[in-house]
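To keep things clear, I will list the structure first and then write my remarks on it.
The values are calculated or read from the model by the stated rules, or taken from the named source; none is laboratory data. Keep in mind the model is a prediction, meaning the values are calculated, not measured. Here Cβ is always computed from backbone atoms with ideal geometry, including for glycine, and neighbour counts include all displayed protein chains.
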């Protein structure tokens, strides 16, 4: 059996659903990525434009000297098709499906290291490697397309024509040279379809295959820790962590396969769509109890409650008002400002007196600005 065949067999044995192997070359769309950075579409994700990371993307030898190959794996995360009546319930905060269960980094990373260890043992221990799950300075979807795992859609997601886009990617960079490599997948199979572009509520796609992260709900709720543009807040609906819209409307999603990885299944409906009243009342201890070992843990209590404030403001749910009234006095300026905006949405015009009173004692200029803006809504 060829080494390529053996590694693929071992990958499937470890639970990975997809695996492809490609020569370690710069990503074919690297120049488009640099243009995206020049346009500032990465927003506050400054680490993407760091010079050391740009060097690594230009030359994979900067990550692993002597690198010859990339082994790319995919792991399905599609679990349940929960009723839309639950997911779109305005009294609930919606969480992207990939985050319903255990943190995928913790699931995939040990298996990648086990795969790399097996490769070393088979070669007598002479192979060097680096393994990544969503953390390396790699254009992983671009490399995955080169490894035959799918095509990049107009929504910038990697799409497999027989399983949609509900899968995580992981990579092993290796100085091992293989006897055969996978052929790149065709560039696109989107055709004339533009469902993903039309469905995005914040209009985050200025053109096909280009995502302006600054308008993306996933970016705003996860990657952006600061103040959210008031213009975008009403468009974010009840999303409190991530967004699935541009994936769920994609026709290729009808082929999504339910994962065999039980770690990714939600333990209850509340893990996929918790009540906003629960999120607004969270303290640090409760946050850790609910979200430890999940992708949500990394954004912290403050950011999740900030997102819940916006969802509450969009909900029309009067039950959120007392909790928001508590949050406008929270020690966090970020929460005070976003809670004030939500109260203005839920109580107008009755919120005017409360917000005017808050202005008398508020000292943070960002909060003051948000309150003034809320009063003029």
Item to complete: Could you list, in sequence order, all residues of the range 1-41 that are within 29 Å of residue 78 (Cβ to Cβ) and loosely packed, with under 15 Cβ neighbours inside 10 Å?
Response: 5, 6, 9, 12, 13, 28, 32
Worksheet entry | Any chance residue 112 is farther than 22 Å from residue 243 by Cα, in a helix (DSSP H, G or I) and in contact (Cβ under 8 Å) with a residue 40 or more places away in the chain | yes
Worksheet item: How many of the residues making up the range 291-302 are in contact with a helix residue (DSSP H, G or I) (Cβ under 8 Å, 6 or more places away or on another chain), assigned to a helix (DSSP H, G or I) and on the phi < 0 side of the Ramachandran plot?
Response: 7
Worksheet entry | Candidate set: the range 43-63, residues that are touching a helix residue (DSSP H, G or I) at 6+ places or on another chain (Cβ under 9 Å) and outside any helix (DSSP H, G or I); chosen: the one surrounded by the fewest Cβ atoms within 10 Å (Cβ to Cβ) | 44
Discussion item. Just to be sure before I move on: is residue 130 at pLDDT 95 or above, part of a strand (DSSP E or B) and either more than 22 Å from the chain's Cα centre (by Cα) or more than 22 Å from residue 96 (Cα to Cα) (or both) in the structure I sent?
Written reply: yes
Worksheet entry | Odd one out for residue 106, checked against (1) modelled with pLDDT under 95; (2) assigned to a helix (DSSP H, G or I); (3) within 19 Å of residue 263 (Cβ to Cβ) | (1)
Worksheet entry | Meets criteria (in contact with a helix residue (DSSP H, G or I) (Cβ under 9 Å, 6 or more places away or on another chain), farther than 25 Å from residue 167 by Cβ, surrounded by fewer than 16 Cβ atoms within 10 Å (Cβ to Cβ) and in the same structural domain as residue 75 (by TED's automatic domain parsing)) for residue 230 | no
Discussion item. Going residue by residue through the range 148-170, is there one that turns out to be on the phi < 0 side of the Ramachandran plot, assigned to a helix (DSSP H, G or I) and either outside the structural domain of residue 54 (by TED's automatic domain parsing) or in contact (Cβ under 8 Å) with a residue 60 or more places away in the chain (or both)?
Written reply: no
Discussion item. Can you confirm whether residue 334 is in contact with a helix residue (DSSP H, G or I) (Cβ under 6 Å, 6 or more places away or on another chain) and modelled with pLDDT of 95 or more?
Written reply: yes
Practice prompt. Would you mind listing the helices (runs of 4 or more DSSP H) fully within the range 226-280 where at least 2 residues are under 17 Å from the mean Cα position of the chain (by Cα)?
Written response: 245-248, 269-272
